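The structure appears below as structure tokens.
The values are calculated or read from the model by the stated rules, or taken from the named source; none is laboratory data. Note that the coordinates shown come from a computational prediction; the quantities given were computed from them, not determined experimentally. All Cβ positions, even for glycine, are placed from backbone atoms using ideal geometry, and neighbour counts span all protein chains on display. Note: accessible area is taken over every heavy atom of the protein model, side chains too, but ligands, DNA and RNA are not part of it. Shrake-Rupley method; radii C 1.70, N 1.55, O 1.52, S 1.80 Å.
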Amino acid sequence: MKVLVIGGGAREHALCRSLSLDPDVTALHCAPGNAGIAEVAELHPVDALDGAAVARLATGLEAELVVVGPEAPLVAGVADAVRAAGIPCFGPSEEAALLEGSKAFAKDVMAAAGVPTARSYVCTTHEEIDEALDAFGAPYVVKDDGLAAGKGVVVTDDVEQARAHARSCDRVVIEEYLDGPEVSLFAITDGTTVLPLTPAQDFKRALDDDQGPNTGGMGAYSPLPWADPKLVDEVMASVLQPTVDELRRRGTPFQGLLYAGLAITSRGVRVIEFNARFGDPETQVVLARLRTPLARVLLHAANGTLDSEPPLTWHDDAAVTVVVASHNYPGTPRTGDPIEGLDEVAAKDAPHAYVLHAGTRRDGDAVVSAGGRVLSVTATGKDLAEARERAYAAVGRIRLDGSHHRTDIARKAAGE
Ligand code: AMP
Ligand code: GLY
């Protein structure tokens, strides 16, 4: 099978790495990719937001499956353009991707499907904002309605900060604060059949001990030794299947990766958010543990034949990923700094630990930073403690001026 992956972050590197190890995959292409993906796939320049350009590229490459990684092209309808060219595409339509593209839309779908989530108000005026903030009290949860790369959400005890963020958005969702640990659960779906993946936990704040601003994600681990073994079945029944059924009922079936961001509260599981694509950095640990070859599953989802696929199988190994971010991330990051130590990780830590590139590019012989989240080091081990040790040993070999990373990824779950 000839496969084309659209995107160029660590998630796409993880997808390409898994696909490159899949015997069904005879040719692997990625556009635009990054310096790390170039080692496992042939790269092509493309404007990932331009559906016609992506469809032309896929046609020219005779791709038999296109996988659209990031949310922005999905929300821009790139998957529709590929399908219109007659090529199977893993990724939701523009209409179904609104589940991620609009928090207000997601709330409406959840209400219709009976999916448990935080109570919320959608506000567009100063009066509505003040009433909603008053109604819920602190801590305030204020979410920009549109796409914001994980940075549109402010959670704060400071009403002035909450109000200022709310007023800076065109349309804003203000909601009840959900207490309790967060879990990310992904499911692959063809619009009818839903195949859950294994749960992971993401670390959203920039600094250790969940301090600092929200980011796109600073690290992740899987499995979750503290979680109820029935969690996946419960979320399938109360969240994933009803959401997929509701979107099909509306005539806009969701085909692709449905990401449920969950809070495990004292009153039960609640949805914090949906995404319409593989999460980053959770994908790095989930795919590290996936035993089933990936390409056929994604093709079945794209073709509407997922019911013929047996349940996914998983390695017993634990996986940990640690994101190395640029100076000043999640603020405007500094880029163009050389990254050293990548060869040392390949020589000393593989195959248990490896680097997945996010914001990197080649500059002559050097690999330099090109984004906020620069790379993520992923490691596996017999348990979380071993995976953690291996991940941080490899992180320690990487030199990038001004970079920062969290030192507490999976620490609590490993019992340390
Ligand atoms: P989101 O972009 O919706 O995932 O929000 C980013 C992060 O903000 C989440 O991972 C949570 O840590 C936090 N957050 C979002 N909504 C809530 C909520 N209702 N209660 C508590 N924390 C929240
Ligand atoms: N890890 C959070 C996200 O992908 O949105």
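Tabulated values for the structure
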read-out: Residue selected from the stretch 195-217 under the condition more than 30 Å from Val244 (Cβ to Cβ) and within 15 Å of ligand 1 (Cβ to nearest atom), by the criterion surrounded by the most Cβ atoms within 10 Å (Cβ to Cβ); value: Ala206
read-out: Test: residue in the stretch 110-119 that is touching a residue at least 40 places away in the same chain (Cβ under 8 Å) and either within 16 Å of ligand 2 (Cβ to nearest atom) or in contact with a Cys (Cβ under 6 Å, 6 or more places away or on another chain) (or both); value: no
read-out: Enumeration of residues in the stretch 183-209 that are within 16 Å of ligand 2 (Cβ to nearest atom), of a type in the set (D, E, K, R) and modelled with pLDDT of 95 or more; value: Asp202
read-out: Any hit, the stretch 173-185, residues being surrounded by 21 or more Cβ atoms within 10 Å (Cβ to Cβ) and small (Gly, Ala, Ser); value: yes
read-out: Pairs with Cβ under 7 Å, 6+ apart, first in the stretch 266-290 and in contact (Cβ under 8 Å) with a residue 40 or more places away in the chain and in a loop (DSSP other than H, G, I, E, B), second away from ligand 1 (no atom under 13 Å from the Cβ) and open to solvent by 10 Å² or more (accessible area, probe 1.4 Å); value: Arg277/Pro70; Phe278/Arg11; Asp280/Gly9; Asp280/Arg11
read-out: Members of the stretch 67-97 that are without any contact (Cβ under 8 Å) to a residue 40 or more places away in the chain, in a helix (DSSP H, G or I) and under 21 Å from the mean Cα position of the chain (by Cα); value: Asp80
read-out: Any chance Ala104 is modelled with pLDDT under 95 and either away from ligand 2 (no atom under 16 Å from the Cβ) or part of a loop (DSSP other than H, G, I, E, B) (or both); value: yes
read-out: All positions within the stretch 353-367 that are among the hydrophobic types (A, V, I, L, M, F, W, C) and buried (at least 19 other Cβ atoms within 10 Å of the Cβ); value: Ala353, Val355, Leu356, Ala358, Val367
read-out: Positions within the stretch 139-163 being closer than 28 Å to Gly279 by Cβ and aliphatic (A, V, I, L, M), in sequence order; value: Val141, Val142, Leu147, Ala148, Ala149, Val153, Val154, Val155, Ala162
read-out: Filter result (among the charged types (D, E, K, R) and surrounded by 15 or more Cβ atoms within 10 Å (Cβ to Cβ)) within the stretch 312-352; value: Asp317, Arg334, Asp337, Asp349
read-out: Scope the stretch 333-378; condition touching a Lys or Arg at 6+ places or on another chain (Cβ under 7 Å) and at positive phi; matching residues; value: Gly341
read-out: Lone qualifier among Asp134, Asp130 - being within 25 Å of Thr265 (Cα to Cα) and either away from ligand 1 (no atom under 13 Å from the Cβ) or touching a Leu at 6+ places or on another chain (Cβ under 8 Å) (or both); value: Asp134
read-out: Of residues in the stretch 211-237 being small (Gly, Ala, Ser) and in a loop (DSSP other than H, G, I, E, B), the one nearest to ligand 2 (Cβ to nearest atom); value: Gly217
read-out: Hits in the stretch 298-311 (condition: open to solvent by 60 Å² or more (accessible area, probe 1.4 Å) and closer than 20 Å to Ser93 by Cβ); value: Asn303
read-out: Among (1) more than 16 Å from ligand 2 (Cβ to nearest atom); (2) over 20 Å from Arg291 (Cα atoms); (3) not hydrophobic (A, V, I, L, M, F, W, C), the one test that Ser18 misses; value: (2)
read-out: Condition check for Glu12: acidic (Asp, Glu) and assigned to a helix (DSSP H, G or I); value: yes
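Table: residues versus (1) open to solvent by 20 Å² or more (accessible area, probe 1.4 Å); (2) β-branched (Val, Ile, Thr); (3) at pLDDT below 95.
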site	(1), (2), (3)
Val232	yes, yes, no
Pro242	yes, no, no
Asp245	yes, no, no
Gly251	yes, no, no
Leu258	no, no, no
Val269	no, yes, no
Asn275	no, no, no
Pro281	no, no, no
